[in-house]
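Written below as structure tokens is the structure these notes are about.
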Amino acid sequence: MEDDPECGPIIDDIAIKKLVTPDQPKDNAVVNSGFEFGPWMFQNVSLGVLLPTNLDEETSPLPGWMVESTRAVRYIDSNHYAVPEGKRAVELVSGKEGIISQMVETKPDKLYSLTFSLGHAGDKCKEPLAVMAFAGNQAQNFHYTPDSNSTFQVASVNFTAKAERTRIAFYSVYYNTRTDDMSSLCGPVVDDVRVWYSWASRNEVQVLLGLGLSFWAYLLVLV
């Protein structure tokens, strides 16, 4: 087959895009948390963009993220798929072999919360859909079970940081295919990924502030 001059791959519609790493928001440790910055998307192509395997931060077309797997993941847009937030998201189409990850800045021994939107791309993907989410030494799987008025749900994992950088990662628990042909790979959608101080930590801060204010009020009364 390789020697047959009448067959082979077809290449068309080539684009080169300059990638820009977005600024990190103050209330979120995740860079490019909504996947809005990524490779060029052709408006007339409804298949999304497959992100190649084994891509580190330097070579990944998805700024901030790594594709540390043996199979690709799909970069999708809201023009052709159901996207939880904004215009872009990632569909995990290769089961446990399609992993996206990022090293986020954290403070050791601080309690954090990883939250993300888990959705269905609206591409006739056969359920069940589920994601395994990793945050530091914590791992938890989440099944896609939204209510009737939504195509996505919000999931969260609490973890205690052990170092100044913590790995977060996602992969699909199942190997899913579309119901219309039972062969095209598909999977759950991940979007709007956030890492922040957990509510427990915030409550501790509020308690300390309250105690401090009470102390100063007591001193004023004595004066």
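Derivation of every value follows stated rules applied to the coordinates shown; laboratory data play no part. In this text, all values refer to a predicted model and were calculated from it rather than measured experimentally. Here the Cβ is made from the backbone with ideal geometry for all residues, glycine too, and neighbour counts use every protein chain on show.
Figures for the structure shown
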| item | result |
| --- | --- |
| Relative exposure of LEU62, LEU55, judged by other C-beta atoms within 10 Å (fewest first) | LEU55, LEU62 |
| Mean-position separation - Cα centroids, the range 1-43 and the range 52-120, in angstrom | 13 Å |
| Cross-link table LYS18/LYS124; LYS18/LYS87; LYS96/LYS126, entries beyond 22 Å C-alpha to C-alpha | LYS18/LYS124 |
| Ellipticity estimate at 222 nm from DSSP helix runs (n ≥ 4, -39,500 (n - 2.57)) divided over the chain, nearest 500 | -4000 deg cm²/dmol |
| Gain on full stretching of the segment that runs from LYS26 to SER156 - 0.36 nm per residue minus C-alpha separation | 44.9 nm |
| Förster radius 35 Å - calculated FRET efficiency between ASP3 and SER78, Cβ distance, rounded to 0.05 | 0.20 |
